[in-house]
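Every number in this text was worked out from the coordinates using simple rules, so none of it is lab data. Computed from a predicted structure; not experimentally measured. For neighbour counting, all protein chains shown are included, and Cβ atoms are generated from backbone atoms with ideal geometry for every residue, glycine included.
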Amino acid sequence: MITNRQATVVIDLDAIAHNLQYARELAPASRIMAVVKADAYGHGAVEVARKLKQADALAVARAGEGVTLRDSGVGGDICVLGGVMNREELNLASVYELQVVVHTEEHADLLRSARARRKVWLKIDTGMGRLGLRPETVAQMLDNLPHQKLLGLMSHLANADDVDDPGTEQQLLQLQTLSQELRPGYEGTDVISLANSAGILNFPSAHQDWVRPGLMLYGASPLRDLAVRTELEPAMQFTAPVIAVRKMSAGESVGYGSTWSASEDCRVAVVAAGYGDGYPREIQPGTPVLVNGERRTIVGRVSMDMMTVSLAAHDSVAIGDRVTLWGAGLPIEEIAVSAGTIPYTLMTGISKRVRKVYRGEE
Ligand SMILES: *Cc1c(COP(=O)(O)O)cnc(C)c1O
């Protein structure tokens with residue numbers, strides 16, 4: 001049973017639409033492939049996709065994610081970034097009209113042997129060292145794929161979160177050089193795409209024909225330097241109710257391992273969210289939450305179903321009141337740093353038992 005007494009994420013779809021618009025302002029000459037993989041980074045792929053009608057295309061990681069969107073009535077172009085792995089997935093891509101990324105020789109073999117004609121992107125490895133064809137093999141690959149409709153050349157940036165890293169410009173140059181070499185002989189090779197959110201925010205030169213924002217759509221910055229101001233609006237507000245308020249005497253401790261004890265008489269709120277909801281157990285001591293809009297700190301260890309928060313003497317807190325764990329007023333980036341991780345893992349780690357509530361639904 002779902003009750004309003006449980007941990008909740010409120011998803012502000014208008015904020016996501018705003019962030020898409022912001023990406024457009026930053027990259028006005030580019031088309032936008034909005035990345036909604038991993039259930040739109042934990043925000044709900046179907047709801048987000050329905051809201052993002054202004055995007056020029058959507059992108060998912062796996063064919064099954066594209067099928068889920070289509071089954072929910074999402075139209076428009078959907079690109080499968082990870083490509084199709086076998087005949088079954090290729091059939092899905094055909095039936096559900098999904099664009100596919102070809103990043104290995106095996107993909108090309110699959111397309112040939114199935115006599116399939118798909119809209120494809122070719123993925124080139126320009127330095128990420130993960131997926132993609134080596135630039136020098138691309139011409140031959142294209143010769144072997146005469147029946148496909150090539151949408152463009154795609155690559156992925158490895159270090160765009162660091163504005164001073166020279167690798168990004170090198171990756172861009174490699175992709176541009178390849179595109180120029182192939183352009184006379186192969187249709188579609190004049191279109192290139194390589195910027196993720198960090199590339200959009202840090203490297204205007206890398207915007208090119210298509211940008212692929214993910215994280216920034218959800219209102220978090222991927223930049224290493226979190227002091228860089230952006231106009232992103234956080235789309236996820238993670239809250240949980242207070243389920244007990246305890247009076248503690250000086251010297252009494254709280255939680256597993258008794259890692260914290262009260263230095264003076266005080267009150268502690270027990271909040272019903274823990275690592276079983278996706279709140280990271282690894283946070284540093286002193287990590288903040290918002291109680292009545294004010295910062296208070298988590299004390300003791302985060303456990304599976306709850307955490308404990310030290311209250312100020314003047315705090316008026318009752319059972320059922322909601323505490324904000326991240327969202328407007330408490331950046332998820334800050335919690336990520338405190339947990340030694342990145343906002344991506346926090347967003348995608350919200351667990352199934354957390355209730356999702358939407359604002360601004362289409
Ligand atoms: C996930 C992904 C993106 C989006 O990256 P963000 O850092 O979230 O903006 C873009 N392109 C590819 C190929 C991806 O896998």
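Looking at the stretch 143-183, which of its residues are farther than 14 Å from residue 205 by Cα, surrounded by fewer than 21 Cβ atoms within 10 Å (Cβ to Cβ) and of a type in the set (A, V, I, L, M)?
145, 150, 158, 182
Being among the charged types (D, E, K, R) and within 16 Å of residue 239 (Cβ to Cβ) is the filter here; which residues of the stretch 343-362 pass it?
Listed by number, the residues that qualify are 353, 355, 356, 359.
Quick check on the stretch 44-65. Is at least one of its residues in a loop (DSSP other than H, G, I, E, B), β-branched (Val, Ile, Thr) and more than 17 Å from residue 17 (Cα to Cα)?
no
Being assigned to a strand (DSSP E or B) and among the small types (Gly, Ala, Ser) is the filter here; which residues of the stretch 267-283 pass it?
If the condition is that a residue be assigned to a strand (DSSP E or B) and among the small types (Gly, Ala, Ser), then 269 is the only one that fits.
Of these, 112, 118, which one is of a type in the set (D, E, K, R) and more than 20 Å from residue 33 (Cα to Cα)?
Matching residue, one of 112, 118: 112.
Looking only at the stretch 50-68, which residues are touching a strand residue (DSSP E or B) at 6+ places or on another chain (Cβ under 6 Å) and more than 18 Å from residue 196 (Cα to Cα)?
Listed by number, the residues that qualify are 63, 66.
I want to confirm something. Restricting to the stretch 165-217 and keeping residues that are assigned to a loop (DSSP other than H, G, I, E, B) and among the small types (Gly, Ala, Ser), which single residue is nearest to the ligand (Cβ to nearest atom)?
If we take residues in the stretch 165-217 being assigned to a loop (DSSP other than H, G, I, E, B) and among the small types (Gly, Ala, Ser), then 214 is nearest to the ligand (Cβ to nearest atom).
This table checks each residue for (1) more than 16 Å from the ligand (Cβ to nearest atom); (2) farther than 18 Å from residue 13 by Cα; (3) out of contact with any Ser or Thr (no Cβ under 9 Å at 6 or more places or on another chain).
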site: 325; (1), (2), (3): yes, yes, no
site: 329; (1), (2), (3): yes, no, yes
site: 334; (1), (2), (3): yes, yes, no
site: 339; (1), (2), (3): yes, yes, no
site: 342; (1), (2), (3): no, yes, yes
site: 348; (1), (2), (3): no, no, yes
site: 352; (1), (2), (3): yes, yes, yes
site: 358; (1), (2), (3): yes, no, yes
site: 362; (1), (2), (3): yes, no, yes
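Just the residues that are within 16 Å of the ligand (Cβ to nearest atom) and crowded, with 19+ Cβ neighbours inside 10 Å, please, taken from the stretch 92-124.
Answer for the stretch 92-124, where residues must be within 16 Å of the ligand (Cβ to nearest atom) and crowded, with 19+ Cβ neighbours inside 10 Å: 98, 99, 100, 101, 102, 103, 107, 120, 121, 122, 123, 124.
Go through the residues of the stretch 218-229 one by one and say whether even a single one is β-branched (Val, Ile, Thr), buried (at least 16 other Cβ atoms within 10 Å of the Cβ), part of a loop (DSSP other than H, G, I, E, B) and away from the ligand (no atom under 12 Å from the Cβ).
The answer is no, given that none of the residues of the stretch 218-229 is β-branched (Val, Ile, Thr), buried (at least 16 other Cβ atoms within 10 Å of the Cβ), part of a loop (DSSP other than H, G, I, E, B) and away from the ligand (no atom under 12 Å from the Cβ).
I need every pair where a residue in the stretch 79-99 that is at positive phi has its Cβ under 6 Å from the Cβ of a residue that is part of a loop (DSSP other than H, G, I, E, B) and not polar (S, T, N, Q), sequence separation at least 6 or different chains.
Taking only residues 6 or more apart or on different chains, the pairs are 83/103.
Test of understanding: among 251, 286, which residue is part of a loop (DSSP other than H, G, I, E, B), of a type in the set (Gly, Ala, Ser) and within 14 Å of residue 297 (Cα to Cα)?
286
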